[in-house]
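Before any comments, here is the structure.
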Amino acid sequence: MPRATEWRRYLLFNDWPRADRTAWETAVADGDVLEGRGPAAHWAPATMVTNRRHYGRWLGFLCHLGLLTGNCAPNARVTRESVRAFVEHLQSEVAPRTVVCTLVGLKVTMKAMYPRESWRWLADLCNALNRMSEPRKDKRARMRPAEEIYSTAIAELDRVRTTPLSRRIERVAFRDSLMLALMVARPLRLKNFIRIKLGEHLAHERTGWDLRIPGAQVKNGQPLDFTFPDALVPYLEIYLDRVRPSFLPKPQSSALWLGYRGAPLTAHGAYYRFIFITKRLLNVAINPHLLRDCAATSLANQSPAAALAAGALLGHRNSSTTERYYIHANRLQASRALNSVLSSLRETHDDYGGRLVPRLGGGRRSS
């Protein structure tokens, strides 16, 4: 274990005290009823990594203060006083949202390690910090209407497809523009977007192209089922016929999005392709997560009915998540436009399951 005077922002799992490692392994143990299935066994792999990192940050803080002793149970260290000091330390180092996320990670980990104890006070603290937290940067300055982003991407696709598509710069520009248009029309989380595979997630059916992401691969476990935007189908076919084959390595990959050397795009690589293409076309760098904000806000600006659709489009279970983190609409502007929107709802919207869902770049089935 690191010395108490040694500052480590995170403690790696192998550096945790034995009691903490045992409690963690018991919490995440995967097995049947007889073998003892842990309370956190249902966590997705990415969630386990994230929460282990948050808990490692907590242990790193305790280690720095000399409070990480081997003869103290993990739950006995989580007191109001120690957590208050931890929050004050985080607030001096990171953004308010990161403070909340880190503390929530500690809370859910303790609930998984010690499910019979009451952690209501810790949950209340997380909720209070969540209400008070505000992003340091105003995202609205970097946002653009989804319609503007979408039409700009289509215009770039039209421009590039008139070229021979023989040079790498042309093929990469076509791929990036198609990625941008699809991300606006179907604002998936980046992890799901880059992992789209032909034949598995994107398939050509009798009624057209379908885009399906099973619940096991989605952050909140909710499956996503979309139609591929009709307006983008001609560009998808050009990409599959003329652009993507020039990237294909041997053996071939089923990944939809490939780099020019043939390897599937990584999350890091795709992130910077979005930054590059939006900066070039819109003169402002918009990352993939902010594109989801743009799509939700554009829907909310249309009408209250459209605002309700934003959560489904983004794959949220709870509509409050959409409103809290994604919608930056001008409510006064939306209310003034409501009368005209209501008068045209029958002409501009499809009725799905009793609620009105606006079209954005093509049809949408459900999610």
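Just so it is clear, none of the values below were taken in a lab; they were calculated from the coordinates. Bear in mind the structure is a predicted one, so any value in this text is a computation, not a measurement. Virtual Cβ from ideal backbone geometry, glycine too; neighbours counted across all protein chains shown.
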Region 19-173, dipole about Cα centre (Lys/Arg Cβ +1, Asp/Glu Cβ -1), debye to the nearest 20:
440
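May I ask which of Lys111/Lys219; Lys197/Lys250; Lys250/Lys279; Lys107/Lys219; Lys197/Lys219 have a Cα-Cα span longer than 24 Å here? Kindly include the intermediate steps, with their values, before the conclusion.
Numbers: Lys111/Lys219 20 Å; Lys197/Lys250 17 Å; Lys250/Lys279 33 Å; Lys107/Lys219 19 Å; Lys197/Lys219 18 Å.
In this structure, Lys250/Lys279 lie more than 24 Å apart at Cα.
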Could you tell me whether region 232-280 comes out rounded, prolate or oblate from its Cα gyration tensor? Rule is a ≥ b ≥ c as square roots of the eigenvalues, rounded for a/c under 1.5, then prolate if a/b exceeds b/c, otherwise oblate.
oblate
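For region 186-274, what does the alpha-carbon gyration tensor say about shape, rounded, prolate or oblate, given a ≥ b ≥ c as the root eigenvalues, a/c under 1.5 as rounded, and a/b over b/c as prolate? The partial results should precede the final answer.
Numbers: a/c = 1.70, a/b = 1.16, b/c = 1.46.
Since a/c reaches 1.5 but b/c is at least a/b, the shape of region 186-274 is classed as oblate.
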May I ask you to compute the full-extension gain from Arg168 to Lys250, defined as 0.36 nm times their residue separation minus their alpha-carbon distance, rounded to one decimal in nm?
27.7 nm
Peptides 282-289, 245-252 ordered by average Cβ neighbours within 10 Å, highest first:
282-289, 245-252
Rounded if a/c is under 1.5, else prolate if a/b is larger than b/c, else oblate: which is region 13-132, with a ≥ b ≥ c the root eigenvalues of its Cα gyration tensor?
prolate
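For each of His54, His89, count neighbouring Cβ atoms within 10 Å of the residue's Cβ, then give the residues from fewest to most. Could you put the intermediate results ahead of the total?
Working: His54 19, His89 15.
With the fewest neighbours first, His54, His89 line up as His89, His54.
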Stretchable slack from Tyr260 to Ala216, in nm (0.36 nm times residue separation minus alpha-carbon distance)
12.9 nm
Which loop-located trypsin sites (Lys or Arg not before Pro) does region 128-187 contain, where loop means any DSSP state but H, G, I, E or B and the Cβ has at most 16 other Cβ atoms within 10 Å?
Arg136, Lys137, Arg167
FRET E, pair Lys279, Asn71, Förster distance 56 Å, beta-carbon r, rounded to 0.05:
0.55
